[in-house]
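Notes follow once the structure below has been shown.
The values are calculated or read from the model by the stated rules, or taken from the named source; none is laboratory data. All values derive from a computational prediction rather than experimental measurement. Don't worry about glycine lacking a Cβ; one is built from the backbone with ideal geometry, like all the others, and counts go over all protein chains shown. Side chains included, ligands, DNA and RNA excluded: accessible areas come from the protein's heavy atoms. Shrake-Rupley method; radii C 1.70, N 1.55, O 1.52, S 1.80 Å.
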Amino acid sequence: MYVNGFLLAVPADKKDAYREVAEKFWDIAKDYGARSQVECWEVDVPDGHTTDFRRAVKCEKGEKIVFSWVTWDDKETADASHDKMMADPRMAENFGAADGSDMPFDGKRMIYGGFEPLVWKEA
């Protein structure tokens, strides 16, 4: 199992637009091997003393935190899918300009990375 994790700030009034983007992304990612996608909208994200989610993404007034992840069978599958997804014509059709300026968030402040689960439990 391999996980791509994302943390970003989205203007509160763009929640529906963000959901639409996330749903369209899933349609592409699953075609290239993604196993699951979870998109979480801020409900209770406290300010920290040293650092916190808001500071990590330079959250601005009126923005909400989104915490999300996509799971893959392994890192090799995730890596191989990246270039294929970027070349998929649905990316340009669904998400606009390649620089991300048509997205409902500032991608320059997004944090992302790849992880191997250390503990994964389900009931």
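Observations on the structure shown:
- For region 35-55, taking the residues that are more than 14 Å from the chain's Cα centre (by Cα) and open to solvent by less than 80 Å² (accessible area, probe 1.4 Å), the one that is nearest to residue 7 (Cα to Cα) is identified as 54.
- Residue 6 meets all of the listed conditions (1) in contact with a Lys or Arg (Cβ under 9 Å, 6 or more places away or on another chain); (2) aromatic (Phe, Trp, Tyr); (3) closer than 22 Å to residue 103 by Cα but one, namely (1).
- Just one residue in the set 95, 105 is in contact with a Leu (Cβ under 6 Å, 6 or more places away or on another chain) and at pLDDT below 95; that residue is 105.
- All conditions in (1) farther than 22 Å from residue 105 by Cα; (2) free of Cβ contacts under 8 Å to residues at least 12 places away in the same chain hold for residue 47, with the sole exception of (1).
- Looking only at region 3-34, and only at residues there that are open to solvent by 40 Å² or more (accessible area, probe 1.4 Å) and of a type in the set (A, V, I, L, M, F, W, C), the one that is farthest from residue 62 (Cα to Cα): 26
- Candidate set from region 63-76 (those that are open to solvent by 50 Å² or more (accessible area, probe 1.4 Å) and without any contact (Cβ under 8 Å) to a residue 60 or more places away in the chain); member that is nearest to residue 87 (Cα to Cα): 76
To keep it simple, each residue is scored yes or no on (1) more than 30 Å from residue 32 (Cα to Cα); (2) in a loop (DSSP other than H, G, I, E, B); (3) in contact with a Pro (Cβ under 9 Å, 6 or more places away or on another chain).
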position: 49; (1), (2), (3): yes, yes, no
position: 68; (1), (2), (3): no, no, no
position: 77; (1), (2), (3): no, no, no
position: 82; (1), (2), (3): no, no, no
position: 97; (1), (2), (3): no, yes, no
position: 102; (1), (2), (3): no, yes, no
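- Residue list for region 43-62, filter: among the acidic types (Asp, Glu), modelled with pLDDT of 95 or more and out of contact with any Asp or Glu (no Cβ under 9 Å at 6 or more places or on another chain): 44, 52
- Residue match in region 66-73 (condition: farther than 17 Å from residue 2 by Cα and at pLDDT 95 or above): yes
- Conditions (1) surrounded by fewer than 12 Cβ atoms within 10 Å (Cβ to Cβ); (2) within 20 Å of residue 16 (Cβ to Cβ); (3) in contact (Cβ under 8 Å) with a residue 40 or more places away in the chain; (4) under 17 Å from the mean Cα position of the chain (by Cα); number of the one not met by residue 58: (2)
- Selection from region 51-66 of residues that are among the aliphatic types (A, V, I, L, M) and in a strand (DSSP E or B): 65, 66
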